[in-house]
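To keep things clear, I will list the structure first and then write my remarks on it.
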Amino acid sequence: MVYDTVITDSHVILPRGIVDKNIIIDDGKIVGFTHDLPTCDHKINGNGLISIPGPIDTHVHYGVYSSIDQAAKTESHAAAIGGITTMMRMLRLGTSFQSSLQAQLDAASKTHYVDYTIHASIFSKQQIEEMKYCVEKKITSFKIYMNLGGDVGHVYMDMPPYTSEIEAETVEVNNQIVEETVKNAASLGCPVLVHAEDYESCACGIKTAKEKNRDGLSAWSESRSPEFEAKAIRTVCKYGRDYGCTLYFVHIGSERALRQIKEEREQGTKIFVETCPHYLTLSYEKQQGYLAKVMPPIRTQKDNEAIWNALSNNTIDTVGTDHVANQLKLKLGGEDVWDALPGFPGIGTVIPILLSEGVNKNRFSLEQLIRFTSLNAAQIFGMYPKKGTLDKGSDADVTMIDLKKENKVSSDLFGGFSDYIVYEGMNLKGWPVKTIVRGHLVAEDFEVVGKLGHGKFVERPVT
Ligand SMILES: [Zn+2]
């Protein structure tokens, strides 16, 4: 028998430990491990590198500032260079799913380098009724934005494909919408992703800060206090318990939010927690300017430490990027922190940051790293064992890393839509050097070598 591909000479991280064997790939799947070299069409030399299960970015915004047909190209390019093999898009539609979802899926299907899937955001009663339709389309997770309503209810939706106009909308995600979404998701057997910030409190906080003429990232953090995160967490967890719904808190970055989640877990709420690289590495105490404006805000160095600790003791389950594909002219369009656009790119840097600041600084092990970059996400979101592991039978999504490689971060390294990066100039030790998606080499040494359109939509059953 002639196999498609063999990856030779790498240290393979399996759930049961590290094995030094060749990875045999056929038809995009891992079919076995050997010491000898079977006949094959392609050979990928592992050069003594470490093979980890393809990382899944659980949290990506693209298709908002450029439409998905374009955004898929640029952002999956950045993903591939950053070692990400599956990206999970936070789709936001201002219209109904029945009228607009298929066009989004079609436009995305030809221009990804890596695999992708979708979380559907819910903003209205109509969309709640369409959750079942999403499930039929194999989209089995839903996102709610508790930060959007009242004076702070404006949001940019994803653009219709092949257009170039930004889609501004105003929404009202009140407690009734939140409760109904949670209830419906529970009956469908789907998890709900929660952006936990109480919008009424945030509106009030921003008004007060502006009246006092405050500016800067510290003012931004103060105006959206961690207490407002805790309040939203309390509210939604009550619904989670009432209806038996699994909740997934996105972008948790404050010690206060972690404490609230611990309490809610103790009360029996089914909770998963995601953090982002910026809550590990950035604080308003150190960060200048407005580039690092994000929701929820970056906090203090003490919060950074609390998040690192929560990763090392496994109370955080996943690391997503909250990558926003925007550009400087949009980001810094205004005068002060209040006018700056929140969100920034991060899909290319998540793996190097975790390798450099996490694994190489002994904050957690490689085995832990693969759990919160791949295995846990695959299990939580219905992709396991297709994704999330290098076990026999799973998709051959393999990222090869070099823990000793050093490089400085710069925006043009990744070829994304964005023309800046908050980590510009940061020296990181530990980089992905080969990204393999379903047996095909997609990126190597900061260059994309894969075929546009190789990335496929990952259909997710209800788990
Ligand atoms: Zn987000």
Given (1) within 16 Å of the ligand (Cβ to nearest atom); (2) over 14 Å from the mean Cα position of the chain (by Cα), index of the condition GLY46 fails: (1)
Of ALA72, ALA79, which residue is surrounded by 24 or more Cβ atoms within 10 Å (Cβ to Cβ), within 16 Å of the ligand (Cβ to nearest atom) and under 17 Å from the mean Cα position of the chain (by Cα)? ALA79
Step by step: first the residues of the range 282-302, then only those that are open to solvent by less than 30 Å² (accessible area, probe 1.4 Å) and closer than 18 Å to ILE353 by Cβ, then the one that is nearest to the ligand (Cβ to nearest atom). Which residue is that? VAL294
Scan the range 156-177 and give yes if some residue there is outside any strand (DSSP E or B), of a type in the set (S, T, N, Q), in contact with a helix residue (DSSP H, G or I) (Cβ under 6 Å, 6 or more places away or on another chain) and within 26 Å of SER99 (Cβ to Cβ), otherwise no. no
Search result, residues across the range 270-281 that are charged (D, E, K, R) and buried (at least 20 other Cβ atoms within 10 Å of the Cβ): GLU274
Across the range 303-327, what is the total count of residues that are away from the ligand (no atom under 16 Å from the Cβ), in contact (Cβ under 8 Å) with a residue 24 or more places away in the chain and not in a loop (DSSP other than H, G, I, E, B)? 8
Residue by residue through the range 193-242, note down the ones that are without any contact (Cβ under 8 Å) to a residue 12 or more places away in the chain and hydroxyl-bearing (Ser, Thr, Tyr). none
Which ones in the range 243-269 are surrounded by fewer than 24 Cβ atoms within 10 Å (Cβ to Cβ), out of contact with any Pro (no Cβ under 7 Å at 6 or more places or on another chain) and without any contact (Cβ under 8 Å) to a residue 60 or more places away in the chain? GLY244, GLU255, ARG259, GLN260, LYS262, GLU263, GLU264, ARG265, GLU266, GLN267, GLY268, THR269
Would you point out which residue out of SER124, SER100 is more than 28 Å from GLU444 (Cα to Cα) and in contact (Cβ under 8 Å) with a residue 60 or more places away in the chain? SER100
Residue list for the range 315-345, restricted to those being open to solvent by less than 10 Å² (accessible area, probe 1.4 Å), under 18 Å from VAL409 (Cα atoms) and of a type in the set (Val, Ile, Thr): THR321
Conditions (1) without any contact (Cβ under 8 Å) to a residue 60 or more places away in the chain; (2) over 19 Å from SER121 (Cβ atoms); (3) not acidic (Asp, Glu); number of the one not met by GLY83: (1)
With the condition kept exactly as written, say whether any residue in the range 202-225 is under 18 Å from TYR243 (Cα atoms) and open to solvent by 20 Å² or more (accessible area, probe 1.4 Å). no
Just checking, which of SER418, SER411, SER374, SER356 is under 20 Å from ILE23 (Cα atoms), out of contact with any Cys (no Cβ under 6 Å at 6 or more places or on another chain) and small (Gly, Ala, Ser)? SER374
Matching residues in the range 20-45 - criterion: being closer than 17 Å to PRO385 by Cα, open to solvent by less than 40 Å² (accessible area, probe 1.4 Å) and assigned to a loop (DSSP other than H, G, I, E, B): GLY28
Tell me, which helices (runs of 4 or more DSSP H) wholly within the range 328-436 include 2 or more residues that are of a type outside the set (D, E, K, R) and either within 16 Å of the ligand (Cβ to nearest atom) or more than 30 Å from LEU188 (Cα to Cα) (or both)? 328-331, 350-353, 366-370
Looking only at the range 1-16, count every residue that is surrounded by fewer than 13 Cβ atoms within 10 Å (Cβ to Cβ) and out of contact with any Asp or Glu (no Cβ under 8 Å at 6 or more places or on another chain) and tell me the total. 2
If we ask which residues in the range 82-116 are open to solvent by 10 Å² or more (accessible area, probe 1.4 Å), touching a strand residue (DSSP E or B) at 6+ places or on another chain (Cβ under 8 Å) and more than 16 Å from the ligand (Cβ to nearest atom), their number turns out to be 4
Extreme residue, farthest from the ligand (Cβ to nearest atom), among residues of the range 188-199 that are in a loop (DSSP other than H, G, I, E, B) and open to solvent by 10 Å² or more (accessible area, probe 1.4 Å): GLY189
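The rows are residues; the columns are (1) of a type in the set (A, V, I, L, M, F, W, C); (2) open to solvent by 10 Å² or more (accessible area, probe 1.4 Å); (3) closer than 22 Å to GLU459 by Cβ.
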{"site": "SER141", "(1), (2), (3)": "no, no, yes"}
{"site": "GLY150", "(1), (2), (3)": "no, yes, no"}
{"site": "ASP158", "(1), (2), (3)": "no, no, yes"}
{"site": "VAL182", "(1), (2), (3)": "yes, no, no"}
{"site": "ALA186", "(1), (2), (3)": "yes, yes, yes"}
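The values are calculated or read from the model by the stated rules, or taken from the named source; none is laboratory data. In this text the structure is predicted, and so the values were computed from the model without any measurement. As a convention, Cβ positions derive from the backbone with ideal geometry for all residues, glycine included, and neighbour counts pool all protein chains shown. Ligands, DNA and RNA are excluded from the accessible area calculation, which covers all protein heavy atoms including side chains. Shrake-Rupley method; radii C 1.70, N 1.55, O 1.52, S 1.80 Å.
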